[in-house]
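*Asks:* Below you'll find the structure I mean.
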């Protein structure tokens with residue numbers, strides 16, 4: 001059956017870009033499930049044609065970029081075609097004087113960063129797998145960035161998109177200007193959609209100027225409460241740091257202590273470490289350093305130090321990659337992601353710690369922007385009770401609902417555990433509007449079936 | 001309107017919350033735009049449950065519905081194009097909760113934008129979106145239109161400041177999307193609903209972000225001999241990555257009318273001024289003031305003044321925010337356009353606007369958000385002069401077309417509504433509309449909610465429809 005499909009795809013993109021051999025498809029598995037066919041279009045029009053063929057042939061499609069974040073979400077319930085968008089590279093439009101850029105979906109993030117840096121600009125999308133991920137994949141995966149504290153998430157600087165919808169039509173929303181209320185903001189829906197609404201072909205962003213100096217401030221605290229008090233004081237001050245991330249002693253020990261060029265900071269692996277990033281002119285950075293030192297003293301920091309550009313860049317890189325680092329730190333690592341209100345953060349952390357303590361697995365914690373908690377559980381290899389304990393932990397989270405306004409999901413875990421854990425089990429139950437949105441975008445449920453919230457949006 | 005429906009709504013809401021007489025309804029047939037459409041009934045619910053019941057009753061009897069805040073919108077978004085019932089949210093105007101620690105406010109849709117800022121400013125907080133009409137427009141209206149304002153240059157438009165909504169769907173169902181968190185699992189429904197111009201759902205509660213007041217603010221007035229010098233300054237500021245919180249431009253001759261009205265000390269003999277505001281910590285503000293002044297001087301600014309105190313600052317802003325009203329002094333009628341262009345094309349765009357004015361023998365003023373390329377060309381005309389009116393229509397259309405051609409957009413903050421729905425074809429293809437229609441019909445399957453907006457109806461496709469009231473000219477169809 002794949003033969004006639006392959007022939008149709010080959011007619012569209014050429015034989016060299018359609019693959020059906022098992023060894024070519026192995027790298028395109030999603031949660032262990034391999035597609036029947038891989039197709040690599042080189043233009044939005046080709047991508048649209050592929051989608052139209054897939055719809056006609058009633059095949060399920062999962063679009064992908066560099067496939068760095070495919071492990072997010074539930075296993076697909078139908079996956080016939082891997083639609084790889086990495087050949088759609090290049091900049092579609094960039095006038096640095098406008099501080100906007102229009103870029104094709106397959107553009108690697110790292111390359112985009114270099115192009116922008118040449119013009120002294122950047123995109124505040126410092127997300128995991130940065131060195132390999134594509135821009136289209138990064139948006140579809142919806143991972144966040146330490147810089148969100150100041151710059152917001154992609155929804156705040158994605159200003160337009162072009163995509164192939166589930167009718168096989170090349171469609172768009174927004175535009176290339178920074179202020180625009182013409183038509184529905186469909187591009188916002190693509191953030192974190194895991195390819196379930198449309199195949200992204202092009203994205204338009206607002207870009208930002210690189211500041212003269214980017215520095216950071218590292219402070220360590222005896223315990224979590226002191227670290228939280230410092231974060232709160234910083235939030236109440238006049239300062240507007242770009243990053244406020246803090247990490248547990250276990251995180252510091254695993255990922256910061258011996259990492260060059262951070263090692264020379266001798267970060268205390270017994271302490272909670274708070275990292276604040278800031279940027280601006282030298283005068284502005286000096287003010288930040290002074291005020292942060294004062295706030296740290298008032299919060300009884302054990303140690304505090306200002307770090308300069310290269311160390312600050314290294315720190316940003318570690319924090320950027322943190323969820324990915326956690327997922328690689330053990331054979332069966334699980335990375336949970338929680339979002340809570342700053343006022344309820346302490347309660348959440350306390351509860352998570354008590355649940356985690358009842359399991360045996362070492363855990364590492366990163367708290368981002370006083371609202372996002374990444375918790376990595378790192379079970380020892382070969383422990384057969386691991387799934388049972390993780391499941392117990394995950395089910396315990398239910399008891400927090402109602403007490404704490406909370407989002408909880410499992411970002412990464414072994415694929416074979418997903419059916420039992422259900423990574424989206426705490427998604428809002430009133431997903432009627434989400435289902436309507438999916439139906440409008442993808443009436444035949446062609447894209448990424450079963451991957452997003454609820455397992456199956458069209459039921 | 002069927003009398004039994006009127007009496008059912010009267011018994012639900014109380015007689016004083018239902019308007020049905022012709023003289024009462026006449027007050028609701030307009031908004032801030034030049035369009036008019038008279039509702040058959042205006043109702044004032046005081047809670048979400050009533051809104052739901054009104055919607056259910058309307059759907060049962062196949063009656064169109066439109067939501068309305070303060071009626072300050074500039075694209076006819078709140079006008080009942082299909083007749084029917086207007087749900088006026090003026091009595092749902094309570095601030096339900098201010099959560100200082102999490103910087104959120106939970107408000108009803110009828111809360112006036114600036115009233116929220118006033119309620120929280122003693123806490124060092126404010127609501128960032130600041131449309132010129134902020135002292136009268138409502139937050140519900142801001143959400144529907146995704147309103148902007150001068151300071152959106154730095155802080156973004158309404159969508160960047162809304163984390164949750166309570167909705168009444170067009171079948172009367174009450175639902176919530178988002179929350180205080182500003183995080184979503186699944187699709188970003190707030191991102192879709194904010195700015196959907198009341199065509200997908202009625203908004204009955206909003207969770208808004210509150211922003212922290214900056215430590216320091218400085219307002220500069222840069223005075224130029226020519227419009228070109230001013231626009232080139234803006235382009236250069238953007239290119240040099242200087243990012244003020246607001247950067248507004250007013251041309252010289254419109255400024256005279258503004259000065260006559262507010263007496264803020266604006267010059268009467270210049271080509272244009274830029275009103276630039278910088279905010280942040282004191283060190284950052286001081287540095288930006290110097291950098292901006294340098295760029296202004298490099299583009300032959302005659303003078304760069306810094307407002308010496310809050311009083312002078314507020315007066316300058318009053319001049320900007322009341323400017324369109326002041327221009328009533330210059331011509332019997334005017335038409336404010338709203339379009340966006342890439343910022344690097346500001347000088348050429350303003351030159352083209354001026355040429356279009358000359359080609360059509362019309363005066364066109366410019367008071368706009370220069371920093372984000374959001375033009376508001378102001379076409380002055382006398383509606384009693386039929387030929388002049390027709391030229392005004394043609395000039396307006398030529399300007400909007402030009403903006404889209406050079407990579408811009410139809411509307412930056414006023415919305416599409418019934419003003420520009422026929423122009424949507426300049427930006428969107430049949431495939432784009434097909435998806436928009438599928439989304440629209442998933443949310444609003446009967447089409448009873450705010451009909452005749454956003455989508456082109458194919459009536460005079462691609463034409464600008466500027467209209468004036470019959471009061472001005474009975475010969476002009478409305």
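*Asks:* Restricting to region B:258-274, name every residue that is crowded, with 22+ Cβ neighbours inside 10 Å and not in a loop (DSSP other than H, G, I, E, B).
*Replies:* The answer is B:258, B:272, B:273, B:274.
*Asks:* Filter region A:121-142 down to the residues that are within 13 Å of chain B (Cβ to nearest Cβ) and either touching a helix residue (DSSP H, G or I) at 6+ places or on another chain (Cβ under 7 Å) or modelled with pLDDT under 95 (or both) and list them by number.
*Replies:* A:121, A:122, A:139, A:140
Conditions tested, residue by residue: (1) facing chain B (nearest Cβ under 9 Å); (2) within 23 Å of residue A:103 (Cβ to Cβ); (3) part of a strand (DSSP E or B); (4) at pLDDT 95 or above.
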position	(1), (2), (3), (4)
A:167	yes, no, no, yes
A:172	yes, yes, yes, yes
A:188	yes, yes, no, yes
A:201	no, yes, yes, yes
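*Asks:* While we're here: Going through B:293, B:326, B:349, B:392 one at a time, which residue ends up being within 14 Å of chain A (Cβ to nearest Cβ), touching a residue at least 12 places away in the same chain (Cβ under 8 Å) and either assigned to a helix (DSSP H, G or I) or in contact with a helix residue (DSSP H, G or I) (Cβ under 7 Å, 6 or more places away or on another chain) (or both)?
*Replies:* B:349
*Asks:* Do you know which residues across region B:135-158 are surrounded by fewer than 24 Cβ atoms within 10 Å (Cβ to Cβ) and free of Cβ contacts under 8 Å to residues at least 40 places away in the same chain?
*Replies:* B:135, B:156 - these are the residues of region B:135-158 that are surrounded by fewer than 24 Cβ atoms within 10 Å (Cβ to Cβ) and free of Cβ contacts under 8 Å to residues at least 40 places away in the same chain.
*Asks:* Checking the condition within 24 Å of residue B:136 (Cβ to Cβ) and out of contact with any strand residue (DSSP E or B) (no Cβ under 9 Å at 6 or more places or on another chain), which residue from B:365, B:328, B:415 passes?
*Replies:* It is B:415.
*Asks:* For region B:57-72, which residues satisfy the criterion of being part of a helix (DSSP H, G or I) and either modelled with pLDDT under 95 or over 15 Å from residue B:450 (Cα atoms) (or both)?
*Replies:* B:57, B:60
*Asks:* Restricting the search to region B:167-189, which residues are within 15 Å of residue A:426 (Cβ to Cβ) and either touching a strand residue (DSSP E or B) at 6+ places or on another chain (Cβ under 8 Å) or more than 8 Å from chain A (Cβ to nearest Cβ) (or both)?
*Replies:* Residues satisfying the conditions are B:179, B:181, B:183, B:184, B:185.
*Asks:* Out of A:301, A:346, A:339, A:330, which single residue is at pLDDT below 95 and either in a loop (DSSP other than H, G, I, E, B) or within 14 Å of chain B (Cβ to nearest Cβ) (or both)?
*Replies:* Testing whether each residue is at pLDDT below 95 and either in a loop (DSSP other than H, G, I, E, B) or within 14 Å of chain B (Cβ to nearest Cβ) (or both) leaves just A:330.
Listed here are the residues, each with its yes/no results for (1) over 23 Å from residue B:184 (Cβ atoms); (2) assigned to a helix (DSSP H, G or I); (3) in contact with a helix residue (DSSP H, G or I) (Cβ under 6 Å, 6 or more places away or on another chain); (4) more than 13 Å from chain B (Cβ to nearest Cβ).
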position: A:370; (1), (2), (3), (4): no, no, yes, no
position: A:408; (1), (2), (3), (4): no, no, yes, no
position: A:434; (1), (2), (3), (4): no, yes, no, no
position: A:438; (1), (2), (3), (4): no, yes, no, no
position: A:451; (1), (2), (3), (4): no, no, no, no
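*Asks:* Right, something else. For region A:264-287, give me the residue count where each residue is more than 20 Å from residue A:146 (Cβ to Cβ) and not in a loop (DSSP other than H, G, I, E, B).
*Replies:* So the count comes out to 5.
*Asks:* Select from region B:395-410 the residues that are in a helix (DSSP H, G or I) and either within 7 Å of another protein chain (Cβ to nearest Cβ) or without any contact (Cβ under 8 Å) to a residue 12 or more places away in the chain (or both) and list them in ascending order.
*Replies:* B:405 - this is the single residue of region B:395-410 that is in a helix (DSSP H, G or I) and either within 7 Å of another protein chain (Cβ to nearest Cβ) or without any contact (Cβ under 8 Å) to a residue 12 or more places away in the chain (or both).
*Asks:* Sticking with this structure for a sec: All but one of (1) part of a loop (DSSP other than H, G, I, E, B); (2) at pLDDT 95 or above; (3) in contact with a strand residue (DSSP E or B) (Cβ under 6 Å, 6 or more places away or on another chain) hold for residue A:179, so report the exception by its number.
*Replies:* (2)
*Asks:* State all residues of region A:90-115 that are closer than 27 Å to residue B:153 by Cβ, in contact (Cβ under 8 Å) with a residue 40 or more places away in the chain and either assigned to a strand (DSSP E or B) or more than 14 Å from chain B (Cβ to nearest Cβ) (or both); if no residue qualifies, say none.
*Replies:* A:92, A:93, A:100, A:101, A:102, A:103, listed by residue number.
*Asks:* Mind listing just one residue for me: the one in region A:15-40 that is in a loop (DSSP other than H, G, I, E, B) and within 21 Å of residue A:55 (Cβ to Cβ) and, of those, farthest from the chain's Cα centre (by Cα)?
*Replies:* That would be A:20.
*Asks:* Pick from region A:410-432 the residues that are touching a strand residue (DSSP E or B) at 6+ places or on another chain (Cβ under 8 Å) and under 15 Å from residue A:196 (Cβ atoms): which of them is farthest from the other protein chains (Cβ to nearest Cβ)?
*Replies:* Per the criteria, the residue is A:423.
*Asks:* I would also like to ask the following. Only one of A:254, A:295 is modelled with pLDDT under 95 and assigned to a helix (DSSP H, G or I); which?
*Replies:* On inspection, the qualifying residue turns out to be A:254.
*Asks:* Name every residue in region A:143-162 that is within 11 Å of chain B (Cβ to nearest Cβ) and part of a loop (DSSP other than H, G, I, E, B), in order of residue number.
*Replies:* Passing the criteria: A:144, A:152, A:153.
*Asks:* Which numbered condition in (1) in contact with a strand residue (DSSP E or B) (Cβ under 6 Å, 6 or more places away or on another chain); (2) surrounded by fewer than 23 Cβ atoms within 10 Å (Cβ to Cβ) is the only one that residue A:97 fails?
*Replies:* Exception for residue A:97: condition (1).
*Asks:* Of the residues A:155, A:132, which single one is under 14 Å from the mean Cα position of the chain (by Cα), touching a residue at least 24 places away in the same chain (Cβ under 8 Å), on the phi < 0 side of the Ramachandran plot and surrounded by 22 or more Cβ atoms within 10 Å (Cβ to Cβ)?
*Replies:* Testing whether each residue is under 14 Å from the mean Cα position of the chain (by Cα), touching a residue at least 24 places away in the same chain (Cβ under 8 Å), on the phi < 0 side of the Ramachandran plot and surrounded by 22 or more Cβ atoms within 10 Å (Cβ to Cβ) leaves just A:155.
*Asks:* I've got another one for you. Residues to consider are A:197, A:228; find the one that is within 14 Å of chain B (Cβ to nearest Cβ), under 25 Å from the mean Cα position of the chain (by Cα) and buried (at least 24 other Cβ atoms within 10 Å of the Cβ).
*Replies:* Checking each option against the conditions leaves just A:197.
*Asks:* Residues of region B:411-459 being more than 7 Å from every other protein chain (Cβ to nearest Cβ), at negative phi, surrounded by 22 or more Cβ atoms within 10 Å (Cβ to Cβ) and in a loop (DSSP other than H, G, I, E, B), which ones?
*Replies:* Within region B:411-459, B:414, B:418, B:419, B:420, B:453 qualify.
*Asks:* Does any residue of region B:73-82 turn out to be touching a residue at least 60 places away in the same chain (Cβ under 8 Å) and outside any loop (DSSP other than H, G, I, E, B)?
*Replies:* no
*Asks:* Now, a different point. Could you please find all residues in region B:192-203 being assigned to a loop (DSSP other than H, G, I, E, B) and within 7 Å of chain A (Cβ to nearest Cβ)?
*Replies:* B:195, B:196
*Asks:* For residue B:218, all conditions in the list (1) more than 8 Å from every other protein chain (Cβ to nearest Cβ); (2) in a strand (DSSP E or B); (3) surrounded by 22 or more Cβ atoms within 10 Å (Cβ to Cβ) hold save one; what is the number of the exception?
*Replies:* (3)
*Asks:* Exactly one condition in (1) in contact (Cβ under 8 Å) with a residue 24 or more places away in the chain; (2) over 19 Å from the mean Cα position of the chain (by Cα) is false for residue B:355; which is it?
*Replies:* For residue B:355, the failing item is (1).
The values are calculated or read from the model by the stated rules, or taken from the named source; none is laboratory data. As the structure is a prediction and not an experimental result, all values here were calculated from the model. Glycine also receives a Cβ, built like all others from the backbone with ideal geometry; neighbour counts cover every protein chain displayed.
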